[in-house]
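**Q** Mind looking over this structure? Questions follow.
The values are calculated or read from the model by the stated rules, or taken from the named source; none is laboratory data. What you see is a predicted model, and the numbers here were worked out from it, not measured in a lab. Because the Cβ atoms are built from the backbone with ideal geometry, glycine has one as well, and the counts that use them run over all protein chains shown. All accessible areas refer to the heavy atoms of the entire protein, side chains included, with ligands and DNA or RNA removed. Shrake-Rupley method; radii C 1.70, N 1.55, O 1.52, S 1.80 Å.
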Amino acid sequence: MKYPQVRNWFDGRFVDGAGAHLEVFNPGDGSVISRVPLSSTEEVDAAVRSAARALPAWRAMPIKERAQVFYRYRTLLETHIDELTALVTEENGKIASEARAEVLKAIEVTEFACSLPQLAAGEILEVSRGVECRIDRHPVGVVACITPFNFPCMVPHWTIPNALMLGNTMVLKPSELVPLNAGRIAELLAEAGLPDGVFNVVHGGQEAVEALCDHPEVAAVTFVGSTRVAQVVYRRATGNLKRCLALGGAKNHLIVLPDADVEMTSSNVVASMSGCAGQRCMAASVMVAVSASDPVIARMVEHARKLVPGETLGPVISKEARARIVGFIDEAEAAGAEVLVDGRDVSVDGREDGYYLGPTILDHVTADMRIAREEVFGPVLAIVRADSVDEALRVENASPYGNACSVFTESGGMAHYVAERASAGMIGVNVGVPVPREPFSFGGWNDSKFGPGDITGRGSIEFWTQSKKTTTKWNREAGVNWMS
Ligand code: NAD
């Protein structure tokens, strides 16, 4: 194996997993690169106790002192960007430029966290003569964060810097498919001066997640992953009276109007559906082509055919994922969809065991086909034809998901019309992947997010803190007695 066996991280040091282990694969060549422990309820308890022990001192530290750790950590991320990039490619498969972009985003959210001393300041007001009300923010306590396979570095950073900066301590449960980044993140946080126990990593699957949702000392849970598991985690954590924010899957619609700029639209749509092999919760999945969109579609086909699996397009995460995605394409073709670009028979020389799929574009998909309704999570785009913008919006609105929706048009009025009516939390106008940059928060609607607030940016401050309201009377002579 290329990497030593993955270990948990409690109390500022690595600890061997005590039970069963799973193999970790490199999706680019199918080789086994490591093994990851499937931690038990007892191991989760050890992680939570480590975080609980570290909590009193960490929460008592002034936020400006906590920020010093994250200034140093940000520099360490930059120093180690090549190493982290390579690790992302190794365990997730995405190509180097995409892996680097993911680490850069981790740096950006860390920079945002460094601004929290300014943003999370409290409020104070003299509400009556001699009576003062003050609100300040306190951490919620030990928090648990459960993350998916598709961004092994970035998604853990959606929560790590903000939650810790705001005084919480954490147990991270990374995806068992991509467990390597978490260990390096833990080491770099320690190198930056984070006290032992403030950040912990417990590896595993369902048992570990359930134990985190059930543990009495865990105050809040965040989850990022599929809608099916998001619902399970949200119900279980809130059933145990914890705060929970659970981000789920997606089915993002790009609505292309007849006046859209052909070059910009075609290149943006193809980049959105194929970037990170379509394994982004913000990826284009359905393009709703309104009326005369054939020039855009013809140019999209040219762009897609230029993608080279293994060079400009990475593999999907597993053999099973590949088979599932091919199943979606086969079924749509059998139901009458026209395959304009077919990625099913792709193979990369020298990496025949990698999980590659070429970009695939299907035209004349109907809104009732499974490929138009369910999340595919691969480099596949379904084109649904519509006669009007209202028909396109009906297709978008019918989706149970609600992460992103983009409109491509040269008309400001039409862009506004679609943005107003789309049932999604993140809207793009001539943008294929409308991820808000910091300080704007990330978060969808409907079945793409359960729970209040957002996971990043300003919207996360409320989630990671509880407010304390203090009313103080200093001035007896003022004669204020209605609040005795
Ligand atoms: P997943 O739901 O399979 O796994 C996510 C996490 O849940 C992992 O840590 C996994 O170990 C754990 N898990 C899996 N099954 C479980 C179960 N039965 N009980 C408890 N825990 C369980 O998701 P994935 O395949 O790793 O990631 C891809 C999904 O994540 C896609 O649906 C994608 O859209 C979604 N995603 C959403 C966002 C967002 O912001 N909304 C961001 C990234 C990924």
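**Q** So for segment 368-484, averaging the separation of alpha carbon pairs under 8 Å that are six or more residues apart and normalising by length, what relative contact order in percent results?
**A** 18 percent
**Q** Kindly report, to the nearest 10 Å², the accessible surface of Ser347 as traced by a 1.4 Å probe over protein heavy atoms only.
**A** Accessible surface of Ser347 is approximately 80 Å².
**Q** Give me the net charge for the shell around Ala192: Cβ to Cβ below 15 angstrom, other residues only, Lys and Arg +1, Asp and Glu -1.
**A** After counting each charged neighbour, the total is -2.
**Q** If you take the square roots of the eigenvalues of the alpha-carbon gyration tensor of segment 274-410 and sort them as a ≥ b ≥ c, do you get rounded (a/c under 1.5), prolate (a/b over b/c) or oblate?
**A** Taking the square roots of the gyration eigenvalues as a ≥ b ≥ c, segment 274-410 is prolate.
**Q** Another one. Which percent of the accessible heavy-atom area of segment 1-56 goes to carbon and sulfur, probe 1.4 angstrom?
**A** Summing carbon and sulfur atoms, their accessible area is 53 percent of the total for segment 1-56.
**Q** Amide H to amide H, which residues 5 or more places from Met170 or on other chains are under 5 Å from it, using H placed in the peptide plane?
**A** Val143, Phe199, Asn200
**Q** May I pose another question? In the full protein assembly as shown, how much of Tyr73 is accessible to a 1.4 Å probe, in Å² to the nearest 10?
**A** 0 Å²
**Q** Sticking with this one: Name the shape class, rounded, prolate or oblate, that the alpha-carbon gyration tensor gives for the chain, where a ≥ b ≥ c are the square roots of its eigenvalues, rounded holds for a/c under 1.5, and otherwise prolate holds if a/b is larger than b/c and oblate otherwise.
**A** Here the chain falls in the oblate category.
**Q** If Leu125, Leu357 are ordered by their accessible area, calculated over protein heavy atoms with a 1.4 Å probe, which sequence runs from highest to lowest?
**A** Sorted descending by solvent-accessible area, the residues read Leu125, Leu357.
**Q** How much accessible area does Thr75 have with a 1.4 Å probe, in Å² rounded to the nearest 10?
**A** The value for Thr75 is about 70 Å².
**Q** Filter Lys2/Lys306; Lys105/Lys251; Lys94/Lys173 down to the pairs with a C-alpha to C-alpha distance above 27 Å, please.
**A** Pairs exceeding the cut-off: Lys2/Lys306.
**Q** If you don't mind, there's one more thing I want to ask. Hey, can you grab everything whose amide H is under 5 Å from the amide H of Phe223? Only 5+ residues off in sequence or another chain; H modelled, so Pro and N-termini drop out.
**A** For Phe223, the qualifying residues are Ile146, Leu245, Ala246, Leu247.
**Q** Take each of the peptides 431-444, 98-111, average the number of other beta-carbon atoms within 10 Å over its residues, and list them starting from the highest.
**A** In decreasing order of mean packing, 431-444, 98-111 become 98-111, 431-444.
**Q** How do Trp58, Trp474 stack up against each other in accessible area, from largest to smallest, with a 1.4 angstrom probe?
**A** In descending accessible area the options line up as Trp474, Trp58.
**Q** Looking only at the chain, where both bridge partners belong to it, what percent of the DSSP beta bridges are antiparallel (to the nearest 5)?
**A** If we restrict to bridges inside the chain, about 40 percent are antiparallel.
**Q** Determine the shape class of segment 298-342: with a ≥ b ≥ c the square roots of the Cα gyration tensor eigenvalues, call it rounded for a/c under 1.5, and otherwise prolate if a/b is greater than b/c, oblate otherwise.
**A** Judged from the Cα gyration tensor, segment 298-342 comes out oblate (a/c at least 1.5, b/c at or above a/b).
**Q** Take every Cα pair under 8 Å in segment 119-177 that's 6+ residues apart, average their separations, divide by the length, and report that relative contact order as a whole percent.
**A** 34 percent
**Q** On to the next question. List every residue whose amide H lies under 5 Å from the amide H of Val24, counting only residues 5 or more places away in sequence or on a different chain, with H placed 1.01 Å from N in the peptide plane.
**A** Residues meeting the amide H criterion: Ile33, Ser34, Arg35, Val36.
**Q** Can you work out the Karplus-derived ³J(HN,Hα) for every residue in segment 320-334? Use 6.51 cos²θ - 1.76 cosθ + 1.60 with θ = phi - 60°, whole Hz, and x for glycine or proline.
**A** Each residue's phi maps through the Karplus curve to give 5, 4, 4, 5, 5, 5, 4, x, 4, 5, 4, 5, 5, 4, 5 Hz.
**Q** Sum -39500 (n - 2.57) across every DSSP H segment of at least 4 residues in the chain, then divide by the residue count to get the 222 nm mean residue ellipticity, nearest 500.
**A** Calculated mean residue ellipticity at 222 nm is -12000 deg cm²/dmol.
**Q** Quick one: net charge of Lys251's neighbours, Cβ under 10 Å, K/R +1, D/E -1?
**A** With Lys, Arg at +1 and Asp, Glu at -1, the net is -3.
**Q** Oh, and also: Using a 1.4 angstrom probe, figure out how much accessible area the chain has per residue, in square angstrom, rounded to the nearest whole.
**A** Roughly 40 Å² per residue, with all protein chains present.
**Q** Sorting check: for 49-56, 151-158, which peptide has the highest mean count of neighbouring beta carbons within 10 Å, and how do the rest follow?
**A** So the peptides 49-56, 151-158, ranked by packing, come out 151-158, 49-56.
**Q** So if each residue of separation counts as 0.36 nm, and I subtract the Cα-Cα distance between Ala335 and Asp16, what length gain in nm does that give?
**A** Stretched fully, the Ala335-Asp16 segment lengthens by 109.8 nm.
**Q** Given 0.36 nm per residue, what is the gain on full extension from Glu420 to Ala398 after removing their alpha carbon distance, in nm?
**A** Working it through step by step, the gained length comes to 6.4 nm.
**Q** For segment 291-358, with all protein chains present and a 1.4 Å probe, just round the carbon and sulfur fraction of the accessible area to a whole percent.
**A** Roughly 48 percent of what the probe reaches on segment 291-358 is carbon or sulfur.
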